[in-house]
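Worksheet: one structure, shown below.
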Ligand SMILES: [Zn+2]
């Protein structure tokens with residue numbers, strides 16, 4: 001169990017934080033990141049993100065996985081109130097419950113085993129997103145993109161071999177190999193195609209976009225020429 005550095009007068013076995021899952025739709029309706037309240041009735045609680053992820057894919061979590069095709073990991077906060085000079089009285093909206101780490105008693109290290117019911121605060125950790133099912137697959141076909149498909153997917157026709165403009169910021173050249181329409185490369189610069197910048201968060205980040213180069217003459221891919229294969233077209 002993750003036990004945050006025990007504060008004074010707090011039982012070191014009190015559970016102050018653990019990880020759980022909610023359907024993405026519920027989290028989305030709550031407006032994303034922030035402190036929320038969540039009714040909780042549970043028996044097994046993963047101590048950290050990694051054991052939570054491992055548990056999520058175990059047989060035991062089949063019921064949870066069946067709840068939604070898209071689950072998001074959340075961090076649940078259960079912080080016992082400790083009076084301080086700045087906050088001597090317990091605020092009315094303070095939420096905590098007596099959840100205790102069972103320590104040596106549990107056969108599954110890192111999990112609470114004593115059942116409890118509580119209303120607790122949680123923080124969304126949406127970058128830990130779990131997709132269990134997107135489609136029912138019958139078959140999978142792999143192939144090479146045709147010219148029309150490549151053009152449809154392309155956001156930029158790359159025609160300029162120069163990468164940067166000769167300005168002070170060295171901004172990427174339009175129609176160059178780093179044209180901003182193929183995606184943002186930092187947190188400040190919005191992408192020229194989707195308007196998002198680079199973020200360490202799958203929902204808020206620009207995913208990157210394809211560009212294409214029209215070749216002057218047809219260039220065959222040696223892998224598709226047939227005949228005897230060698231590891232490289234440059235080798236005999
Ligand atoms: Zn983009």
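Tabulated values for the structure
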| read-out | value |
| --- | --- |
| From 49, 79, residue being at pLDDT below 85 and crowded, with 16+ Cβ neighbours inside 10 Å | 79 |
| Inter-residue pairs, beta-carbon under 9 Å, first farther than 16 Å from residue 145 by Cα and in contact (Cβ under 8 Å) with a residue 40 or more places away in the chain and in the stretch 202-213, second away from the ligand (no atom under 13 Å from the Cβ) and assigned to a loop (DSSP other than H, G, I, E, B), 6+ apart | 203/32 |
| Qualifying residue in the stretch 166-175 (condition: within 30 Å of residue 71 (Cβ to Cβ), modelled with pLDDT of 85 or more and surrounded by 12 or more Cβ atoms within 10 Å (Cβ to Cβ)) | no |
| The stretch 183-217, residues that are near the ligand (Cβ under 8 Å from one of its atoms) and touching a strand residue (DSSP E or B) at 6+ places or on another chain (Cβ under 6 Å) | 193, 209 |
| Residues of the stretch 26-41 satisfying the condition of being loosely packed, with under 12 Cβ neighbours inside 10 Å and either at pLDDT below 70 or assigned to a helix (DSSP H, G or I) (or both) | 29, 31, 34, 35 |
| Sole exception among (1) farther than 30 Å from residue 216 by Cα; (2) modelled with pLDDT under 85 for residue 88, by number | (2) |
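The values are calculated or read from the model by the stated rules, or taken from the named source; none is laboratory data. Everything numeric in this text was worked out from a predicted model, so none of it was measured. Neighbour counts run over all protein chains shown; Cβ positions are idealised from the backbone, glycine included.
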